Each structure stands twice: as C-alpha cells, then as structure tokens.
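Okay, structure first, notes after.
The values are calculated or read from the model by the stated rules, or taken from the named source; none is laboratory data. Just so it is clear, the structure is predicted and the values come from calculations on it, not from any experiment. Cβ atoms come from the backbone with ideal geometry, glycine included; neighbour counts cover every protein chain shown. All accessible areas refer to the heavy atoms of the entire protein, side chains included, with ligands and DNA or RNA removed. Shrake-Rupley method; radii C 1.70, N 1.55, O 1.52, S 1.80 Å.
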Amino acid sequence: MSNGIGKKRIAVFGSTGSIGRQALEVIDANPSIFSVEVLTAQSSDDLLIRQALHFKPNIVVIGDEKKYGVVRDALRAEPIKVFAGETALEEVAAMDVYDMMLAAIVGFAGLRPTLRAIENGKAVALANKETLVVAGDIVMQKALEHKAPIIPVDSEHSAIFQCLVGETRSRIEKIILTASGGPFLGKKPNFLVNVKRDHALQHPNWNMGAKITIDSATLMNKGLEMIEAKWLFGLQPDQVQVVIHPQSIIHSMIMFEDGSIKSQMGLPDMKLPIQYAMGFPRRLPSAFPRYDFRKPNTLTFEEPDVKTFRNLTLATEALHKGGNLPCVLNAANEIAVFAFLRNRIGFLDMTDLVERTMQELPFIERPTISEYFESDGEARDFAASLIKL
Ligand code: NAD
Ligand code: MG
C-alpha cells in the first residue's frame, strides 16, 4: 500500500493510541489518497505489529527498547525497517520518507519528534497539544522558518481553522472554545474529592486516551487548549474565551470584528478533524454519521465554573504570563494525572500539585529550547516530590 505515486505519505507518530488508530481508519478508507510510511508506538508491540503487517510502512519504531526483538522478529519477512528507542523517533522524523507527520504521541514526549518534523520542513497534523503548550513560541517560529504547515487535529482548533478559511486572522475579535464540561459538569468540590479513577475515565461524549480523558474531567484539557489556540492563531490571551457546551455539536467559534460569529459543527467524532487535517487543503468525502437538526435536540451554553475547576484558572494564569509557566503547568499536570491514574492521589490533589509547582519553579520570561527542557524536568521532579509514595 505504501510508496504509491501521488499519494500523501503519512508518518503516524503514536499509531497505537486513540488518535493514531482513528487516523489509520481514515487512511484505510482512502487508500488512493494516503499511504502509511511510518508507524510508531511506545509499548503496544502486538498492535504495532498488526498495523505494520496491514499497512506495510517503510519504517516502524517501538519506543520501548526491550520490545525491539519481538517487533523485528514478527516483521522479519517484510521489507520494513524496525528501530527502537527515543532517539530513533527523532531520527525518523528527520528523514525524507514522508510528507506529513500525524503527531499523535501523548504528552511532552511528542515535542522532540514534532520539532524534528518541522525542522525537516514537513507538514504536521498536530494532535499533540502539549507540544504547543510547552514551547509554542519556538515551535511556531520554527514552522515559519522551515515553511512547515501546522494543521490542527484537536477538534476545537480544527473548528477555528475551518472557520478561518477565506478570512483574515487580523479580523478576529475573539475565539470561543467550546468545552463539554466532562463527566463532572455541575459537581462541586465536596463531590469531586471522592472521585475515583474509573469514574473519571468515563467521558460522556468522546472516547479518548487515558491522559486526555482525565484532563477533560478536570478541565485542564480546556486550559491546555487555550494556550494551544494562542500559538496556533497568533492571539492575545484575552481573545480566547471558553464556554461550556455539553452536547459537543459546536466544536468552537470565531467572533469577528463586525460581531459576526462563525462556528463549525458536527457529531463528536475525532475522525472528522483528523481527516480534515490529513486531507488539507482538500475536504474529502466521508461516510461518518451525520447530525440531524430535525431530531429532538437542544444546544446549550453556560459559563465554566472556574471556582470548582481551578485548573482553568491556573491555565489562564499561564496563558497570560507565558514564559516557562505553561511548560511548568504541563509537566506538573502530567505527573499529577499519572499519579491519579495509579490511585496515588485524589482528584482535587491534581490541581493542588500543579498550583504548588507553578508557585515553586523560577519564572523564565523568554526560555530557550534547552531551558524549556530543564523547566520540564525540574517541574516533574518537584511535583513528584510532593506525592507521598
Ligand atoms: P493515547 O494514550 O491513546 O495514545 C498515545 C500514543 O502515544 C500511543 O501510540 C503510545 O504508544 C504513544 N506514546 C505514549 N507515550 C509515549 C512516549 N513516551 N514516547 C513515544 N510514544 C509514546 O493518546 P490519545 O488520546 O490518542 O492522544 C494523543 C494526543 O492527541 C494527545 O496529545 C492528546 O491531547 C491529543 N488529542 C487527543 C484526542 C482524542 O480524542 N484522543 C483529541 C484531541 C487531542
Ligand atoms: Mg479538544
């Protein structure tokens, strides 16, 4: 299936995750448009092998080096190169074997390979929002320098991106990011204090990886998305607004300087923004289910409860102050979510951990890329030291 002349050659970084698997479904449904050249996974060797046997990519990378032998042996009969380890991800991202990277690794780990793709002048369909949260200024600057288009996959940012077609960014008054509110919409701290992992992992509208599902329950996801939006669309912090819209039909909106509002709508299905990003600038047809306005439906909107979901307040602070603060917030949040998923800390402890780490770490106004990496490491160490093991 690979190496097809005229096809867009896709490198799926994080192919075994929720976004990665859905991207492969989109590719499978459009074999004359896309080919798969690279597949990568951290530890899901079985699924990675099955994907490789099906899509026959040029290169496969398994992050966990202990699993290299298993993957290599399973693909021995195929003309597929197999690599392992963190640096292999960067090396492959720097190769000329693909046209577009689908950046679907979760967390800070996605930053380095995505930066390599950008420096390589490749188009990036960006799902990994943490990349822009951590080092948005440097990522966007490099994208400009290397003429590497960044096309958002995150549904809210895809919505804004789609609303911008035919418009000028300078005419944006503000953008309105919609948030479902997650499984605990309307709940108060006396309820949240007892929330356990399995409950928090049940999102009403979206089926996603564990980390972003917890981020959605704490509203940190929306906080990260505010910062992501600032960089993607070159906005001032006060041009980014969040509104709760529990039905997740309006994926986000732009209010322009004349007061006119554009929105992008559809059923909540990540395959739509994934396909739009991979197909861009073409809008490809699909057989995804359609929203029907004639069926009984109500679309509602409300203000987020920032007193209860304090992560939004912390992220707003990071959005405004900038510097290394979003990077610190992200690192502490990754530690907090990881600890919550292992039942080490409670639901509300996650926000406390992020807040204390933001207060503790020294502020750097204009970090270099190595200062971002240092801030990330220090924030992780400090946040981890707060967790009683
Ligand atoms: P996931 O946990 O389902 O999958 C993550 C993928 O990254 C897997 O393939 C895994 O093997 C790989 N991975 C994990 N840790 C790694 C590491 N240290 N090094 C290299 N690879 C690693 O996550 P997901 O839900 O698919 O989300 C991926 C990204 O997309 C996240 O940044 C998330 O915020 C963003 N996103 C996801 C959704 C969604 O619906 N799932 C929506 C919007 C944005
Ligand atoms: Mg989103």
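Table for the structure above
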read-out: Hits in the range 206-216 (condition: open to solvent by less than 10 Å² (accessible area, probe 1.4 Å) and touching a residue at least 60 places away in the same chain (Cβ under 8 Å)); value: I214, D215
read-out: Residue within the range 158-172 that is under 17 Å from I274 (Cα atoms), under 14 Å from the mean Cα position of the chain (by Cα) and not in a helix (DSSP H, G or I) present; value: no
read-out: Failed condition for I254, given (1) open to solvent by 10 Å² or more (accessible area, probe 1.4 Å); (2) more than 15 Å from ligand 2 (Cβ to nearest atom); value: (1)
read-out: Where T178 falls short, out of the listed (1) over 16 Å from the mean Cα position of the chain (by Cα); (2) touching a residue at least 12 places away in the same chain (Cβ under 8 Å); (3) within 24 Å of T308 (Cβ to Cβ); value: (1)
read-out: Selection status of V97, open to solvent by 20 Å² or more (accessible area, probe 1.4 Å), within 16 Å of the chain's Cα centre (by Cα) and outside the structural domain of T213 (by TED's automatic domain parsing); value: no
read-out: Selection from the range 238-248 of residues that are among the aliphatic types (A, V, I, L, M) and within 19 Å of the chain's Cα centre (by Cα); value: V240, V242
read-out: Among (1) in contact (Cβ under 8 Å) with a residue 24 or more places away in the chain; (2) within 23 Å of the chain's Cα centre (by Cα); (3) assigned by TED's automatic domain parsing to the domain that holds G209 - the single one T308 does not satisfy; value: (2)
read-out: Selection count where residues are surrounded by 12 or more Cβ atoms within 10 Å (Cβ to Cβ), in a loop (DSSP other than H, G, I, E, B) and among the aliphatic types (A, V, I, L, M), scope the range 180-205; value: 3
read-out: Pairs where the first residue, in the range 114-127, is farther than 16 Å from E37 by Cα and assigned by TED's automatic domain parsing to the domain that holds M100 and the second is among the acidic types (D, E) and open to solvent by 10 Å² or more (accessible area, probe 1.4 Å), C-beta under 6 Å, 6+ apart; value: R116/E90
read-out: Subset of the range 313-347 (residues that are over 22 Å from A229 (Cβ atoms) and either surrounded by fewer than 18 Cβ atoms within 10 Å (Cβ to Cβ) or touching a strand residue (DSSP E or B) at 6+ places or on another chain (Cβ under 9 Å) (or both)); value: L341, R342, N343, R344, G346
read-out: Matching residues, the range 109-133, being crowded, with 24+ Cβ neighbours inside 10 Å, in a helix (DSSP H, G or I) and within 11 Å of ligand 1 (Cβ to nearest atom); value: L111, P113, T114, E130, T131, L132, V133
read-out: Residue satisfying all of: in the range 348-370; open to solvent by 60 Å² or more (accessible area, probe 1.4 Å) and not in a loop (DSSP other than H, G, I, E, B); farthest from G136 (Cα to Cα) among these; value: D349
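Every residue, every condition in (1) within 29 Å of P289 (Cα to Cα); (2) within 22 Å of the chain's Cα centre (by Cα); (3) outside the structural domain of A125 (by TED's automatic domain parsing), yes or no:
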site: N30; (1), (2), (3): yes, no, no
site: I33; (1), (2), (3): yes, no, no
site: V36; (1), (2), (3): yes, yes, no
site: S44; (1), (2), (3): no, yes, no
site: R50; (1), (2), (3): yes, no, no
site: P57; (1), (2), (3): no, no, no
site: G63; (1), (2), (3): no, yes, no
site: Y68; (1), (2), (3): no, no, no
